[in-house]
Amino acid sequence: MAQALAQEKFYTIDDIYSLTEGSRAELIDGQIYYMAPPTRKHQEILSFLHAAIYNHIARNKGECKVYPAPFAVFLNKDDKNYVEPDISVICDKLKLTDKGCSGAPDWIIEIVSPGSRRMDYFTKLFKYRTVGVKEYWIVDPEKNRILVYNFESEDTGDYTFADSVKASIYDDLFINFSNIADLMDI
C-alpha cells in the first residue's frame, strides 16, 4: 500500500498580515520565516547606515528613497514573497505604494543577526539576485565583515569594519565603516 506524502503548506501575504500584533515575519516562495527582535548593536548599525545614505541623497538632491526596516517589500508580482530588508533603496518611484515597495529595490542591506545568518547569506542572496536587486550588502558585525554583491557587474567585494565601502549605485557614496566601529567599540 502506498503511503501518502504530507502536503507542504504554502503561505501568502495575507498570512503575514494576519500575524498577531508585534509578530514579524518574512515570506519567501510561500514559506514563512519568523524574525526575532533586533539587538541594540543591530539598531545602531541600521541607524548609522540609514543616516549616511539618507544624507547623501538629500545633499545631492537625489531621486532615490531610503527606508529602514520595518518596510514592506513585495519582491514578485505574486502573493508569496514579502521581505523587510534592514535598508531598502528604491530609485524608481513607480515601485512605491502606500504599503511599501512593489518590486525589487535597487539596493538592499541586511545586517546579520545570529538568527538570520542562513537567511541573509543564502536564501536572500539567491532571491535578491533573481528578482533584479542591483546591489546587496551583507553587514556581519559578529564577523567584522561586509560582503558587497553588485549583481549588474557580477562583482563581489569583501570588506571589514576598518574599510570605506563604495556603493555601486552611486558614483560618489562611500560609507566609512570605521565610524561605526568607533561608535560601538566593535
Net length gained if the chain between PHE126 and ASN60 were fully extended (0.36 nm per residue, minus Cα distance): 20.6 nm
Dipole magnitude of segment 1-128, debye to nearest 20 (Cβ charges: Lys/Arg +1, Asp/Glu -1, about Cα centre): 380 debye
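Give the calculated FRET efficiency between SER178 and ALA25 to the nearest 0.05, with a Förster radius of 22 Å applied to their Cβ-Cβ distance.
0.05
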Segment 45-186, relative contact order [Cα under 8 Å, separation at least 6], %: 16 percent
Within the chain, helix-based [θ] at 222 nm, where runs of 4 or more DSSP H residues each add -39,500 (n - 2.57), nearest 500: -6500 deg cm²/dmol
Inter-site label distance for ASP78 and ASN144 at 7 Å from Cα along Cβ, in nm: 4.2 nm
Among ILE175, CYS91, TYR159 - extreme Cα towards positive end, dipole of segment 34-186, charges at beta-carbon: CYS91
Candidates ASP86, ASP163, ASP171, ranked by Gaussian network fluctuation over the chain, Cα under 10 Å, top entry: ASP171
GNM top mover of GLU21, GLU63, GLU44 - the chain, alpha-carbon springs below 10 Å: GLU21
For segment 92-97, Karplus couplings with θ = phi - 60° (6.51, -1.76, 1.60), whole Hz, Gly/Pro x: 9, 4, 5, 7, 8, 10
Segment 118-186: C-alpha gyration tensor shape, a/c 1.5 cut-off, then a/b vs b/c: oblate
Answer label, with mean projected area of the Cα convex hull in nm² calculated from the coordinates and candidates [x] 11.2; [y] 13.6; [z] 12.9: [z]
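With a Förster radius of 25 Å, plug the Cβ-Cβ distance of THR156 and LYS41 into 1/(1 + (r/R0)^6) and report the FRET value to the nearest 0.05.
Calculated transfer efficiency: 0.50.
Bear in mind that the values in this text are calculations on the coordinates, not laboratory data. As the structure is a computational prediction, the values presented were derived from the model and not from experiment. Ideal geometry is used to build each Cβ from the backbone, glycine not excepted, and the neighbour counts take in all protein chains shown.
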